[in-house]
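**Student:** Quick one: structure below, then a few questions.
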Amino acid sequence: MAYFALIGGRSIPHLTDFTLEEKIFSYLNFQPKKILFIPLAAYPNMKDAINKFKALVPKDYAVEYLTEFEAWADVELAIRNSDVIYFSGGCAEELVRLVREYKIDYILEQYKDTEKLFMGISAGAILFSKFGMGDRYSYKDKGHNYNYQMVEGIGLLPITICPHYDHDGLDCYNKEVKNYPYDGYAIEDDTAILFQGSPIIFKQDNKKSVYLFDSKNTYLMSPIYEVKK
């Protein structure tokens, strides 16, 4: 089975820090031979996303960047030849639209029973889920953020999620999560969940948290703690 690692986001101190990803690699005893970075969520500013990722990832990792492709087979080959498939942050709606338009969702489905590691940050994390809380239509009024909306992902994981849960206004997820028949996960910046059977939590900042909304227990909210290997 493939592994799925969902990252809530990065705070300013960790914009050029790959520690969270390397914690996950270490936990899995995983030494990536090639990382495929897919910045479709940043469309049309994919070059900016690539430059940020280049500043983030250590130079000893082999990285390929998938932005333009002429055929479905080009994407399938790139995914087949990579052991980490990493979707960037950006606009979740745009990411899901492009993934479906180019039928990348079918390719991912084909590889979900392999030992690949699928990673997504923010919008990339929403992509793998049934639904996730997006900010495309959010706005600020009198210092408070409003109008976050749930976005439908491709559903490889039967969950809902809320990235950036420590950002203003995203406590709206506490109510919204109850409208979906899935467990919900609220992921603060600088934290990640690895799905390998039971969810496993990783943190860069011990003050940050990940919360479970248990669909089998009236969506009771409870923190999930980091497990040290």
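The values are calculated or read from the model by the stated rules, or taken from the named source; none is laboratory data. All values reported here derive from a predicted model rather than from experimental measurement. Please note: Cβ atoms are built from the backbone with ideal geometry, for glycine as well, and neighbour counts cover all protein chains shown. Protein only, heavy atoms only, side chains kept; ligands, DNA and RNA dropped before computing areas. Shrake-Rupley method; radii C 1.70, N 1.55, O 1.52, S 1.80 Å.
**Student:** Nearest 0.05, what FRET efficiency do Asp171 and Ala73 give at R0 = 45 Å with Cβ-Cβ as r?
**Tutor:** Working from the Cβ atoms, E equals 0.50.
**Student:** Please report the spacing between the Cα centers of the range 1-80 and the range 182-211 in Å, no decimals.
**Tutor:** One Cα centre to the other: 19 Å.
**Student:** Let me ask something additional. Just in the range 70-152: which trypsin sites (Lys or Arg not before Pro) are loop by DSSP and have at most 10 other Cβ atoms within 10 Å?
**Tutor:** In loop regions of the range 70-152 (DSSP not H, G, I, E or B), the sparsely surrounded trypsin sites (Lys or Arg not before Pro) are Lys142.
**Student:** At 1.4 Å probe size, with the rest of the protein present, what percent of the exposed accessible area of the chain is carbon and sulfur atoms?
**Tutor:** After summing per-atom areas, the C and S share lands at 48 percent.
**Student:** Further question: Pull up the DSSP beta bridges for the range 99-226 and report the antiparallel fraction as a percent, rounded to 5.
**Tutor:** Once the DSSP bridges in the range 99-226 are tallied, antiparallel ones form about 75 percent.
**Student:** Let me ask another. Okay, helix-only estimate at 222 nm for the chain: each DSSP H run of n ≥ 4 adds -39500 (n - 2.57), divide by all residues, round to 500 deg cm²/dmol; what do you get?
**Tutor:** -6500 deg cm²/dmol
**Student:** Using the Kyte-Doolittle scale, which helices in the chain average at least 1.0 and also have C-alpha atoms spread 30 Å or more along the helix axis, with helices defined as whole DSSP H runs?
**Tutor:** none
**Student:** Further question: Name the residues whose placed amide hydrogens come within less than 5 Å of the amide hydrogen of Phe87, ignoring near sequence neighbours (fewer than 5 apart) on the same chain.
**Tutor:** Ile38, Met119, Gly120, Ile121
**Student:** Moving to a separate point now. When the Kirkwood radius is taken over all Cα pairs of the chain, what Stokes-Einstein diffusion coefficient follows at 4 °C and 1.567 mPa s, in µm²/s?
**Tutor:** 74 µm²/s
**Student:** State the extension gain, in nm to one decimal, for the chain segment bounded by Ser26 and Lys216, taking 0.36 nm per residue of separation less the distance between their alpha-carbons.
**Tutor:** Length gained, Ser26 through Lys216: 65.2 nm.
**Student:** Could I have the simple spin-label model distance between Ala55 and Val227, label points 7 Å from Cα toward Cβ, reported in nm to one decimal?
**Tutor:** Going by the 7 Å Cα→Cβ label model, 3.6 nm.
**Student:** State, as an integer percentage, the relative contact order of the chain based on alpha-carbon contacts under 8 Å between residues 6 or more apart.
**Tutor:** The value is 22 percent.
**Student:** Sticking with this structure for a sec: By how many nm would the segment from Glu115 to Asp83 grow when fully extended, if each residue of separation counts as 0.36 nm and the alpha-carbon distance is taken off?
**Tutor:** 10.7 nm
**Student:** Give me the distance in nm between label points sitting 7 Å out from Cα along the Cα-to-Cβ direction at Asn179 and His14, one decimal.
**Tutor:** Between Asn179 and His14, the label points sit 2.9 nm apart.
**Student:** Something else about it: With θ set to phi - 60° and the Karplus curve 6.51 cos²θ - 1.76 cosθ + 1.60, what are the ³J(HN,Hα) couplings of the range 164-181 in order, to the nearest whole Hz, using x for Gly and Pro?
**Tutor:** Those phi angles translate into 6, 4, 7, 7, 4, x, 7, 5, 4, 4, 4, 8, 5, 4, 6, 8, 10, x Hz.
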